[in-house]
Amino acid sequence: NSFVTRTNTCGELRSAHVGQEVTLYGWIQYQRQGLFLVLRDFQGLTQIIIPQDEVILNLTFFLAFLLQKMPTGDIEVKAETAEILNSCKKLPFEIKDFIKKSEALRMQYRYLDLRSFQMQHNLRLRSQMVMRMREYLCNLHGFVDVETPTLFKRTPGGAKEFLVPSREAGKFYSLPQSPQQFKQLLMVGGLDRYFQVARCYRDEGSRPDRQPEFTQIDIEMSFVNQAGIQRLIEGLLQYSWPEERGSIATPFPSMTYEEALSDYGTDKPDTRFGMKIVDMGDFLRRSDIQFVQTALSYPRGTVKAICIPQGVRYLKNKDLESLKESAKSQFNQEIMEIICRPDGSLKSLLTKFLGEKQQSGLIQALNMQVDDVVLLAAGEHKQVCSALGSLRLESADLLEAAGLVLRDPTDFHFLWVVDFPLFLPKEENPTELESAHHPFTAPHPSDTSLLYSDPTKVRSQHYDLVLNGSEVGGGSIRIHSAEQQRFVLEKVLKEDSEALSHLLEALQFGAPPHGGIALGLDRLISLIVDAPSIRDVIAFPKSFRGRDLMGNAPDYVTPEELEPYHIQVSWPLAEKEAKQN
């Protein structure tokens, strides 16, 4: 309450304040026939009594019921004077968290949506965490907070970038998808430890966990290895973690990319629940099942399965069909189901190929219980794992929708995923390679020689931080040799290194070994507060389609405004006619 004319907020008065004279400011939340009103501000609610000669009984009952639900319910404020500071026209929706409202309406009237207690809580918790992170990095560990440019040039590879026209004909700036090059250049410049709450931009479609503009906790260090970065981040999160969410234990567990793919079918496993993928190849290798034998005859062929606990009880036939159709449509993967009957026998098309002993072994291998459902897949290793990993999550959604709790949103399971491949085949042309993350990632020390002989087998010094099945951070040890960086760009990725000539030149001036990481702040906060979307932890987010529904951006500009940038708009016919009309 410093620097303002109120004495208290609407959420802090308690019985200890009885007898005091107070000054409150806020919005009227409820008003009943001039007898009392409830005042609301960012911190809470306070009931105001307007003096009357007599009080109606039913209003007294309502008043008492309301008070029981409010933290300030032990007190009432008797009004001596009241002043209306501003009027309010009819609201498009009530400012109550339990009132359902469409996201489009919330985005259109975001300044009203921000008044809700949930949005207030989310943004204030975000602010507190960022402040604690600054304290930890700058005050305790000597990091330097440096702002890097927003206007830069296009970077080869990576996500699509927003272009910004300049007054030089044909020349454009690019909005950086991250401060990656700048933070490496800061290490060349001897800053040693860099930190920034960085705004980043990607010109790609919005998803529940993506925005065209987003915020990273960006970090880079000189003379550090992978273990050093990991310990730093674990300490940072422990120090800044909200007390209301309990404590988090360190060090975080770690698994390799191959382990994550084999056991969970994804490089960002949700380890809050089981249903891990089980390899059935050795067990079924001696069977007479033709599709199994066909799959196992290929070099990367495999047979794997997941066991859905109590699937018969909680899933309907249409759910199982939906799961199988999902695997077919998304991964072109056939799925075979196996059900454990109440008498312990198996129901499946596979049972006619398996003897009683083999069926018993199958039950034991999968740890099947009565009413469990097994989904089995055979084929190429990555395809099978990816399909079963997706079905694992879809099954968890179905089980929880039916009432079986698997993933507690108040549990926070952090995990490091390491030893990613350095390069992957391009989807559009598998004979060519692209960086699995970005072209500045250093190869694993044990695989450096393979970089020049067989780059497809090189592991990287990249590491991802995963929380409850979502990637919340990623980083790597960087290439600090100009020669090695040029080789990766020109020989492996077949990129024109001229666009990165400034970085290549900088690396030639005694660049120190360095590495770093970026934490996705929006995604991290959304998981901490259990928000359905990162839009719920950003003050003014873009819509699902990347639009600002409140300010109606992006918007048209006139030809006269475009003229200094040497740009003309070539209108699609339908839009041209719409504008003319």
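How far is helix 317-331 tilted off the main Cα axis of the chain, in degrees rounded to 10, range 0 to 90?
Long axis of 317-331 versus the principal axis of the chain: about 70 degrees.
With the radius of gyration and the Kirkwood radius both derived from the Cα set of the range 288-439, what is their ratio Rg to Rh?
Numbers: Rg = 17.9 Å, Rh = 17.5 Å.
So for the range 288-439, dividing Rg by the Kirkwood Rh gives 1.02.
Taking 8 Å as the Cα distance limit and 6 or more residues as the minimum spacing, I'd like the relative contact order of the chain as a percentage.
On the way: 958 pairs, mean separation 85.8, N = 581.
15 percent.
Placing unit charges on C-beta atoms (Lys and Arg positive, Asp and Glu negative, everything else neutral), compute the dipole magnitude of the chain about its Cα centre in debye, rounded to 20.
Rounded to the nearest 20 debye, it is 640 debye.
Taking the solvent-accessible surface of protein heavy atoms with a 1.4 Å probe, what is the per residue accessible area of the chain in Å²?
54
Over the heavy atoms of residue 248, what accessible area does a 1.4 Å probe trace out, to the nearest 10 Å²?
Counting only protein heavy atoms, the figure is 20 Å².
With point charges of +1 on the Cβ of Lys and Arg and -1 on the Cβ of Asp and Glu, referenced to the Cα centre of the chain, which listed residue (416, 140, 307) lies farthest in the positive direction of the dipole?
307
Carbon and sulfur: what percent of the range 214-253's accessible surface (1.4 Å probe)? Write down the numbers at each step before the final one.
Working: 870 of 1680 Å².
Ligands and nucleic acids excluded, carbon and sulfur reach 52 percent.
Provide, for the range 275-402, the number of lysine pairs with alpha carbons under 20 Å apart, each pair being eight or more places apart or on different chains.
Lysine pairs satisfying the spacing and distance rule in the range 275-402 number 18.
Determine the relative contact order of the range 275-402: mean sequence separation of Cα pairs under 8 Å and six or more apart, normalised by residue count, in whole percent. Numbers along the way, then the final one.
Numbers: 203 pairs, mean separation 47.8, N = 128.
About 37 percent, as a whole number.
Show me 40-52, 336-348, 380-392, 548-560 ranked by packing, highest mean number of other Cβ atoms within 10 Å first.
On the way: 40-52: 17.4, 336-348: 15.3, 380-392: 21.6, 548-560: 10.7.
Packing order, densest peptide first, comes out as 380-392, 40-52, 336-348, 548-560.
Scan the range 219-280 for chymotrypsin sites (Phe, Trp or Tyr not before Pro) in coil per DSSP, keeping those whose Cβ has at most 15 other Cβ atoms within 10 Å, and list them by number. List each step's numbers first, then the result.
Numbers: sites: 223, 239, 257, 264, 273; in loops: 223, 273.
Loop-located and lightly packed - 223.
Per the 1.4 Å probe, what fraction of the accessible area of the range 275-402, in percent, lies on carbon and sulfur atoms?
Carbon plus sulfur share of accessible area: 49 percent.
Once you have a ≥ b ≥ c as the square roots of the Cα gyration tensor eigenvalues for the range 143-257, tell me rounded if a/c is under 1.5, and otherwise prolate or oblate according to whether a/b is larger than b/c.
Values: a/c = 2.30, a/b = 1.61, b/c = 1.43.
Because a/c hits 1.5 or more and a/b exceeds b/c, the range 143-257 counts as prolate.
Nearest 500 deg cm²/dmol is fine: what mean residue ellipticity at 222 nm does the chain get from its DSSP H runs of n ≥ 4 alone, each adding -39,500 (n - 2.57), divided by its residue count?
-8500 deg cm²/dmol
What are the chymotrypsin sites (Phe, Trp or Tyr not before Pro) within the range 460-535 that DSSP puts in a loop, where the Cβ has at most 11 other Cβ atoms within 10 Å?
509
Which of the GluC sites (Glu not before Pro) across the range 129-184 are loop residues per DSSP, with 14 or fewer other Cβ within 10 Å?
Values: sites: 135, 147, 161, 168; in loops: 147, 161, 168.
Filter output for the range 129-184: 147, 168.
When the accessible area of the range 435-536 is computed with all protein chains present and a 1.4 Å probe, what percentage of it is carbon and sulfur?
Numbers: 1810 of 3750 Å².
Using a 1.4 Å probe with all protein chains present, the range 435-536 comes out at 48 percent carbon and sulfur.
Using Cα atoms only, what is the angle between the long axis of helix 226-240 and the major principal axis of the chain, expressed in degrees (0 to 90) to the nearest 10?
So the inclination is approximately 20 degrees.
Mean 1/r over all different Cα pairs, inverted: what Kirkwood radius does the chain give, in Å?
Values: mean 1/r = 0.0351 Å⁻¹.
In the chain this quantity evaluates to 28.5 Å.
Which angle between 0 and 90 degrees, to the nearest 10, do you get for helix 381-401 versus the longest principal axis of the chain when only C-alpha atoms count?
30
Please report the accessible area of residue 393 (heavy atoms, 1.4 Å probe, ligands and nucleic acids excluded) in Å², nearest 10.
70
The values are calculated or read from the model by the stated rules, or taken from the named source; none is laboratory data. All figures in this text were calculated on a predicted structure; none of them were measured in a lab. As a convention, Cβ positions derive from the backbone with ideal geometry for all residues, glycine included, and neighbour counts pool all protein chains shown. SASA here: full protein model, heavy atoms, side chains in, ligands and nucleic acids out. Shrake-Rupley method; radii C 1.70, N 1.55, O 1.52, S 1.80 Å.
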